[in-house]
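Below is one structure; the comments refer to it alone.
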Amino acid sequence: MAKKAKSEKQERWLDYFALRRELRAEGPARLYLLFGEEDYLREDFLRELREACLPDGDDGFAYHRFDAAQPGMRAVEEAVNALPFTTERTLVELRGFDLNRCRDSEGEELVKIAEDIPDYCTVAIVLDAGYEPDMRLKTVKAVVKAAKAAKFSPQGQGQLVQWIQKRFSALGKRISPDACTELVMTSGELMGGLIPEIGKIAAGTAGDTVTAEDVRRLASPIPEAQAFKIADCLAARDFDGAARLLSELLASDMEPIAALAAIGGNMRRLYAARVAIDGGLGREFVEKLYSIRFRSIGDSLMNTARRLPREYLARAVELCAETDYKMKSSPYGDRELLSELLIRLSTP
(Lines give C-alpha, C1' and ligand atoms only; values in the text may rest on other atoms or scores of the structure.)
Protein backbone atom coordinates (compact mmCIF):
# COMPACT_ATOMS: atom_id res chain seq x y z
CA MET A 1 0.00 0.00 0.00
CA ALA A 2 1.27 3.46 -0.89
CA LYS A 3 2.55 5.44 2.05
CA LYS A 4 0.48 8.23 3.43
CA ALA A 5 0.65 11.57 1.66
CA LYS A 6 0.30 15.00 3.19
CA SER A 7 -2.58 17.09 1.87
CA GLU A 8 -3.13 20.79 1.74
CA LYS A 9 -6.86 20.11 2.33
CA GLN A 10 -6.61 18.25 5.61
CA GLU A 11 -8.65 20.94 7.31
CA ARG A 12 -11.66 19.35 5.59
CA TRP A 13 -11.33 16.12 7.52
CA LEU A 14 -13.92 15.52 10.18
CA ASP A 15 -12.84 14.08 13.53
CA TYR A 16 -14.38 11.23 15.52
CA PHE A 17 -16.63 13.42 17.65
CA ALA A 18 -17.96 15.50 14.75
CA LEU A 19 -18.64 12.36 12.73
CA ARG A 20 -20.47 10.69 15.61
CA ARG A 21 -22.59 13.80 16.25
CA GLU A 22 -23.61 13.92 12.59
CA LEU A 23 -24.49 10.22 12.57
CA ARG A 24 -26.69 10.56 15.64
CA ALA A 25 -28.37 13.75 14.44
CA GLU A 26 -28.78 13.03 10.72
CA GLY A 27 -28.51 9.26 10.37
CA PRO A 28 -26.12 7.34 8.09
CA ALA A 29 -24.67 9.09 5.05
CA ARG A 30 -24.23 7.32 1.73
CA LEU A 31 -20.43 7.27 1.73
CA TYR A 32 -17.72 7.42 4.41
CA LEU A 33 -13.95 7.53 4.02
CA LEU A 34 -12.27 6.56 7.30
CA PHE A 35 -8.55 6.63 7.99
CA GLY A 36 -5.93 7.56 10.61
CA GLU A 37 -3.75 6.05 13.32
CA GLU A 38 -6.37 5.77 16.05
CA ASP A 39 -8.01 2.54 14.93
CA TYR A 40 -9.76 2.07 18.30
CA LEU A 41 -11.95 5.13 17.67
CA ARG A 42 -12.39 4.16 14.04
CA GLU A 43 -13.73 0.74 15.01
CA ASP A 44 -15.92 2.33 17.66
CA PHE A 45 -17.48 4.57 15.02
CA LEU A 46 -17.94 1.62 12.64
CA ARG A 47 -19.76 -0.28 15.39
CA GLU A 48 -22.12 2.67 15.85
CA LEU A 49 -22.55 2.98 12.08
CA ARG A 50 -23.50 -0.71 11.79
CA GLU A 51 -26.06 -0.31 14.55
CA ALA A 52 -27.53 2.74 12.83
CA CYS A 53 -27.73 1.02 9.44
CA LEU A 54 -28.81 -2.40 10.73
CA PRO A 55 -30.59 -1.85 14.07
CA ASP A 56 -32.02 -5.38 14.01
CA GLY A 57 -28.75 -6.98 12.94
CA ASP A 58 -27.68 -8.49 9.62
CA ASP A 59 -30.26 -10.69 7.92
CA GLY A 60 -27.59 -12.28 5.73
CA PHE A 61 -28.28 -9.92 2.83
CA ALA A 62 -27.83 -6.41 4.21
CA TYR A 63 -24.15 -6.43 5.21
CA HIS A 64 -21.38 -6.83 2.63
CA ARG A 65 -17.71 -6.73 3.62
CA PHE A 66 -14.68 -6.77 1.31
CA ASP A 67 -11.25 -7.39 2.87
CA ALA A 68 -8.77 -6.56 0.13
CA ALA A 69 -6.43 -3.80 -0.97
CA GLN A 70 -8.00 -3.94 -4.45
CA PRO A 71 -11.46 -5.57 -4.44
CA GLY A 72 -13.15 -6.14 -7.79
CA MET A 73 -15.25 -3.09 -8.63
CA ARG A 74 -17.93 -5.20 -10.29
CA ALA A 75 -18.53 -7.14 -7.06
CA VAL A 76 -18.56 -3.88 -5.09
CA GLU A 77 -21.10 -2.35 -7.49
CA GLU A 78 -23.36 -5.39 -7.16
CA ALA A 79 -23.23 -5.15 -3.36
CA VAL A 80 -23.98 -1.42 -3.44
CA ASN A 81 -26.99 -1.90 -5.70
CA ALA A 82 -28.36 -4.97 -3.91
CA LEU A 83 -31.82 -4.19 -2.54
CA PRO A 84 -32.36 -4.64 1.22
CA PHE A 85 -34.47 -7.68 2.03
CA THR A 86 -35.77 -7.49 5.59
CA THR A 87 -33.99 -4.25 6.53
CA GLU A 88 -34.35 -0.62 5.47
CA ARG A 89 -30.66 -0.15 4.61
CA THR A 90 -27.65 -2.07 3.39
CA LEU A 91 -24.07 -1.52 4.51
CA VAL A 92 -20.97 -2.14 2.39
CA GLU A 93 -17.50 -2.04 4.01
CA LEU A 94 -14.26 -1.93 2.04
CA ARG A 95 -11.58 -2.85 4.59
CA GLY A 96 -7.84 -2.37 3.99
CA PHE A 97 -8.73 -0.69 0.70
CA ASP A 98 -5.75 0.93 -1.09
CA LEU A 99 -7.53 4.00 -2.40
CA ASN A 100 -4.29 5.62 -3.53
CA ARG A 101 -3.62 2.78 -6.00
CA CYS A 102 -7.12 2.69 -7.46
CA ARG A 103 -6.57 4.43 -10.79
CA ASP A 104 -7.33 4.27 -14.51
CA SER A 105 -10.44 2.26 -15.42
CA GLU A 106 -10.80 0.83 -11.89
CA GLY A 107 -10.65 4.34 -10.46
CA GLU A 108 -13.29 5.52 -12.90
CA GLU A 109 -15.56 2.66 -11.84
CA LEU A 110 -15.06 3.55 -8.17
CA VAL A 111 -15.94 7.19 -8.80
CA LYS A 112 -19.12 6.17 -10.65
CA ILE A 113 -20.10 3.98 -7.69
CA ALA A 114 -19.30 6.73 -5.17
CA GLU A 115 -21.37 9.32 -7.03
CA ASP A 116 -24.42 7.08 -7.51
CA ILE A 117 -24.95 5.22 -4.23
CA PRO A 118 -28.68 4.46 -3.68
CA ASP A 119 -30.53 6.14 -0.84
CA TYR A 120 -30.88 2.81 0.96
CA CYS A 121 -27.14 2.01 0.98
CA THR A 122 -24.16 3.18 3.05
CA VAL A 123 -20.60 2.50 1.91
CA ALA A 124 -17.63 2.76 4.30
CA ILE A 125 -14.14 2.84 2.76
CA VAL A 126 -11.66 2.03 5.52
CA LEU A 127 -7.93 2.64 5.00
CA ASP A 128 -5.37 0.80 7.09
CA ALA A 129 -4.06 2.71 10.13
CA GLY A 130 -1.24 5.07 9.23
CA TYR A 131 -2.28 5.65 5.61
CA GLU A 132 -4.00 8.71 4.24
CA PRO A 133 -5.73 9.59 0.97
CA ASP A 134 -3.40 11.29 -1.49
CA MET A 135 -5.28 14.41 -2.54
CA ARG A 136 -3.08 14.84 -5.61
CA LEU A 137 -4.89 11.94 -7.29
CA LYS A 138 -8.00 12.48 -9.40
CA THR A 139 -9.81 9.40 -8.08
CA VAL A 140 -9.11 10.34 -4.47
CA LYS A 141 -10.36 13.90 -4.98
CA ALA A 142 -13.62 12.64 -6.46
CA VAL A 143 -14.19 10.12 -3.66
CA VAL A 144 -13.41 12.68 -0.94
CA LYS A 145 -15.83 15.14 -2.55
CA ALA A 146 -18.64 12.58 -2.40
CA ALA A 147 -17.82 11.25 1.09
CA LYS A 148 -17.92 12.13 4.74
CA ALA A 149 -14.13 11.93 5.20
CA ALA A 150 -12.81 11.52 8.73
CA LYS A 151 -9.32 11.27 10.15
CA PHE A 152 -9.02 9.33 13.42
CA SER A 153 -6.08 10.90 15.25
CA PRO A 154 -4.64 10.25 18.73
CA GLN A 155 -6.55 12.26 21.30
CA GLY A 156 -5.29 15.31 23.15
CA GLN A 157 -4.02 15.21 26.70
CA GLY A 158 -7.28 16.07 28.47
CA GLN A 159 -9.44 13.62 26.54
CA LEU A 160 -6.94 10.78 26.74
CA VAL A 161 -6.33 11.20 30.46
CA GLN A 162 -10.08 11.12 31.13
CA TRP A 163 -10.44 8.00 28.98
CA ILE A 164 -7.58 6.24 30.81
CA GLN A 165 -9.09 7.14 34.18
CA LYS A 166 -12.48 5.75 33.11
CA ARG A 167 -10.88 2.49 31.95
CA PHE A 168 -9.12 2.09 35.29
CA SER A 169 -12.28 3.05 37.18
CA ALA A 170 -14.17 0.25 35.40
CA LEU A 171 -11.54 -2.12 36.82
CA GLY A 172 -11.94 -0.74 40.36
CA LYS A 173 -8.81 1.42 40.32
CA ARG A 174 -8.01 5.11 40.59
CA ILE A 175 -5.12 6.72 38.72
CA SER A 176 -3.74 10.24 38.93
CA PRO A 177 -3.22 12.46 35.85
CA ASP A 178 0.56 12.21 36.41
CA ALA A 179 0.39 8.41 36.31
CA CYS A 180 -1.75 8.63 33.15
CA THR A 181 0.92 10.78 31.53
CA GLU A 182 3.59 8.27 32.56
CA LEU A 183 1.55 5.53 30.89
CA VAL A 184 1.27 7.51 27.66
CA MET A 185 4.99 8.31 27.68
CA THR A 186 5.77 4.62 28.17
CA SER A 187 3.17 2.83 26.07
CA GLY A 188 2.09 5.47 23.55
CA GLU A 189 -1.04 7.48 22.73
CA LEU A 190 -3.05 4.90 20.78
CA MET A 191 -6.03 3.57 22.70
CA GLY A 192 -5.84 0.10 21.19
CA GLY A 193 -2.32 -0.30 22.56
CA LEU A 194 -3.21 1.17 25.95
CA ILE A 195 -6.14 -1.16 26.68
CA PRO A 196 -4.05 -4.30 27.40
CA GLU A 197 -1.57 -2.21 29.41
CA ILE A 198 -4.37 -0.80 31.57
CA GLY A 199 -5.66 -4.31 32.26
CA LYS A 200 -2.18 -5.58 33.13
CA ILE A 201 -1.39 -2.63 35.42
CA ALA A 202 -4.75 -2.88 37.19
CA ALA A 203 -4.25 -6.60 37.78
CA GLY A 204 -0.69 -6.09 39.03
CA THR A 205 -1.46 -3.26 41.46
CA ALA A 206 -2.36 -4.41 44.96
CA GLY A 207 -4.11 -1.28 46.23
CA ASP A 208 -6.96 0.68 44.71
CA THR A 209 -4.71 3.50 43.48
CA VAL A 210 -2.32 3.21 40.54
CA THR A 211 0.81 5.35 40.86
CA ALA A 212 3.42 6.43 38.34
CA GLU A 213 5.77 3.91 39.94
CA ASP A 214 3.24 1.13 39.26
CA VAL A 215 3.16 2.23 35.63
CA ARG A 216 6.97 2.20 35.37
CA ARG A 217 7.06 -1.25 36.98
CA LEU A 218 4.35 -2.92 34.90
CA ALA A 219 3.84 -1.11 31.59
CA SER A 220 5.51 -2.38 28.42
CA PRO A 221 7.37 0.43 26.63
CA ILE A 222 6.85 1.07 22.95
CA PRO A 223 10.01 1.37 20.80
CA GLU A 224 9.76 5.17 20.66
CA ALA A 225 9.79 5.34 24.47
CA GLN A 226 12.83 3.08 24.64
CA ALA A 227 14.57 5.15 21.98
CA PHE A 228 13.93 8.32 23.97
CA LYS A 229 15.32 6.71 27.12
CA ILE A 230 18.44 5.68 25.17
CA ALA A 231 18.94 9.31 24.16
CA ASP A 232 18.36 10.37 27.76
CA CYS A 233 21.07 7.95 28.92
CA LEU A 234 23.46 9.29 26.27
CA ALA A 235 22.76 12.84 27.42
CA ALA A 236 23.60 11.78 30.99
CA ARG A 237 26.73 9.92 29.75
CA ASP A 238 25.19 6.72 31.08
CA PHE A 239 26.49 4.43 28.35
CA ASP A 240 25.84 1.24 30.31
CA GLY A 241 22.20 2.27 30.68
CA ALA A 242 21.94 3.01 26.96
CA ALA A 243 23.42 -0.40 26.13
CA ARG A 244 21.00 -2.13 28.50
CA LEU A 245 18.00 -0.38 26.95
CA LEU A 246 19.15 -1.34 23.46
CA SER A 247 19.50 -4.96 24.57
CA GLU A 248 15.96 -4.87 25.99
CA LEU A 249 14.69 -3.38 22.73
CA LEU A 250 16.25 -6.17 20.68
CA ALA A 251 15.19 -8.85 23.18
CA SER A 252 11.56 -7.86 22.56
CA ASP A 253 11.74 -9.59 19.14
CA MET A 254 11.75 -6.24 17.41
CA GLU A 255 13.47 -6.22 14.04
CA PRO A 256 16.76 -4.25 14.19
CA ILE A 257 15.62 -2.08 11.27
CA ALA A 258 12.52 -1.08 13.25
CA ALA A 259 14.65 -0.36 16.34
CA LEU A 260 16.91 1.82 14.20
CA ALA A 261 13.88 3.67 12.81
CA ALA A 262 12.75 4.46 16.37
CA ILE A 263 16.22 5.65 17.42
CA GLY A 264 16.75 7.65 14.23
CA GLY A 265 13.32 9.27 14.44
CA ASN A 266 13.98 10.33 18.01
CA MET A 267 17.38 11.76 17.11
CA ARG A 268 15.77 13.83 14.35
CA ARG A 269 13.19 15.17 16.82
CA LEU A 270 15.93 16.03 19.30
CA TYR A 271 17.96 17.78 16.62
CA ALA A 272 14.91 19.82 15.56
CA ALA A 273 14.27 20.70 19.22
CA ARG A 274 17.91 21.80 19.64
CA VAL A 275 17.73 23.97 16.50
CA ALA A 276 14.50 25.49 17.83
CA ILE A 277 16.13 26.22 21.19
CA ASP A 278 19.14 27.85 19.51
CA GLY A 279 16.78 29.89 17.34
CA GLY A 280 14.80 31.20 20.29
CA LEU A 281 11.71 29.11 19.54
CA GLY A 282 9.77 27.49 22.34
CA ARG A 283 8.27 24.12 23.16
CA GLU A 284 5.03 24.98 21.37
CA PHE A 285 6.86 25.21 18.03
CA VAL A 286 8.32 21.71 18.40
CA GLU A 287 5.03 20.27 19.65
CA LYS A 288 3.23 21.62 16.58
CA LEU A 289 6.01 20.40 14.26
CA TYR A 290 5.74 16.81 15.54
CA SER A 291 2.06 16.77 16.60
CA ILE A 292 2.99 16.26 20.27
CA ARG A 293 -0.23 16.44 22.29
CA PHE A 294 1.14 16.03 25.84
CA ARG A 295 2.99 18.97 27.37
CA SER A 296 5.06 16.64 29.57
CA ILE A 297 6.31 14.84 26.45
CA GLY A 298 7.24 18.17 24.87
CA ASP A 299 8.99 19.27 28.07
CA SER A 300 10.95 16.01 28.23
CA LEU A 301 12.03 16.37 24.59
CA MET A 302 13.19 19.95 25.09
CA ASN A 303 15.03 19.13 28.34
CA THR A 304 16.97 16.30 26.71
CA ALA A 305 17.78 18.47 23.68
CA ARG A 306 19.20 21.18 25.95
CA ARG A 307 21.66 18.65 27.41
CA LEU A 308 23.03 17.61 24.02
CA PRO A 309 25.14 19.89 21.76
CA ARG A 310 23.71 20.73 18.37
CA GLU A 311 26.80 19.33 16.66
CA TYR A 312 26.40 16.01 18.47
CA LEU A 313 22.75 15.69 17.42
CA ALA A 314 23.55 16.56 13.80
CA ARG A 315 26.20 13.84 13.83
CA ALA A 316 23.77 11.41 15.47
CA VAL A 317 21.24 11.96 12.69
CA GLU A 318 23.96 11.32 10.10
CA LEU A 319 25.14 8.16 11.88
CA CYS A 320 21.59 6.80 11.98
CA ALA A 321 21.20 7.45 8.25
CA GLU A 322 24.56 5.73 7.55
CA THR A 323 23.52 2.73 9.63
CA ASP A 324 20.21 2.52 7.80
CA TYR A 325 22.07 2.43 4.48
CA LYS A 326 24.44 -0.27 5.75
CA MET A 327 21.54 -2.41 7.00
CA LYS A 328 19.94 -2.30 3.58
CA SER A 329 23.08 -2.81 1.52
CA SER A 330 25.88 -4.55 3.46
CA PRO A 331 26.40 -8.19 4.51
CA TYR A 332 27.05 -7.25 8.14
CA GLY A 333 24.57 -8.40 10.80
CA ASP A 334 21.92 -5.82 11.64
CA ARG A 335 22.32 -6.32 15.39
CA GLU A 336 26.06 -5.77 15.12
CA LEU A 337 25.43 -2.58 13.15
CA LEU A 338 23.07 -1.33 15.86
CA SER A 339 25.66 -2.06 18.54
CA GLU A 340 28.27 -0.23 16.47
CA LEU A 341 25.91 2.73 16.16
CA LEU A 342 25.50 2.91 19.92
CA ILE A 343 29.28 2.83 20.42
CA ARG A 344 29.71 5.68 17.92
CA LEU A 345 26.89 7.65 19.60
CA SER A 346 28.63 7.13 22.93
CA THR A 347 31.84 8.68 21.61
CA PRO A 348 32.12 12.40 22.37
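The values are calculated or read from the model by the stated rules, or taken from the named source; none is laboratory data. Quick caveat: nothing in here was measured; it's all calculated off a predicted structure. Don't worry about glycine lacking a Cβ; one is built from the backbone with ideal geometry, like all the others, and counts go over all protein chains shown. Accessible surface is based on the protein model in full, side chains and every heavy atom, while ligands, DNA and RNA are left aside. Shrake-Rupley method; radii C 1.70, N 1.55, O 1.52, S 1.80 Å.
Is the range 1-160 best put as rounded, prolate or oblate by its Cα gyration tensor, with a ≥ b ≥ c the root eigenvalues, rounded for a/c under 1.5, and otherwise prolate when a/b is larger than b/c, oblate when not? Oblate shape, in that a/c is at least 1.5 and b/c is the bigger or equal ratio. With a simple spin-label model that places each label point 7 Å from the Cα along the Cα-to-Cβ direction, the separation between residue 51 and residue 21 comes to 2.0 nm. On a per residue basis, the range 22-148 carries 49 Å² of accessible surface, using protein heavy atoms and a 1.4 Å probe. At a Förster radius of 35 Å, what calculated FRET efficiency corresponds to the Cβ-Cβ distance of residue 12 and residue 61, to the nearest 0.05? After rounding, the FRET efficiency stands at 0.55.
Placing dummy labels 7 Å off each Cα toward the beta-carbon, the span from residue 268 to residue 211 is 3.9 nm. Taken over the range 295-348, the ratio of Cα radius of gyration to 2.2 N^0.38 Å equals 1.37. The range 160-182 and the range 204-226 have Cα centres separated by 12 Å. Ligands, DNA and RNA left out, the 1.4 Å accessible surface of the chain is 50% carbon and sulfur atoms. The modelled label-to-label distance between residue 347 and residue 253, using points 7 Å beyond Cα along the C-beta direction, is 3.6 nm. Our summary gives the chain a relative contact order of 16 percent, counting only alpha carbon pairs under 8 angstrom and 6 or more residues apart. Distance check, please: which entries in 229/328; 112/138; 166/200; 112/141 exceed 18 angstrom between their Cα atoms? From the list (229/328; 112/138; 166/200; 112/141), the Cα-Cα distance tops 18 Å for 229/328.
Would you mind putting 195-206, 263-274 in packing order, based on average other-beta-carbon counts within 10 Å, highest first?
263-274, 195-206
Specify the inter-centroid distance of the range 240-296 and the range 34-54, based on alpha-carbon positions, in whole Å. If we compute the Cα centre of each part, the gap is 31 Å. Estimated from helices alone, the mean residue ellipticity of the chain at 222 nm is -18500 deg cm²/dmol (sum of -39500 (n - 2.57) over DSSP H runs with n ≥ 4, per residue).
Measuring r between the beta carbons of residue 128 and residue 317 and using R0 = 30 Å, the FRET efficiency lands at 0.55. In this calculation the C-beta distance from residue 303 to residue 166 is compared with R0 = 35 Å, giving a FRET efficiency of 0.70.
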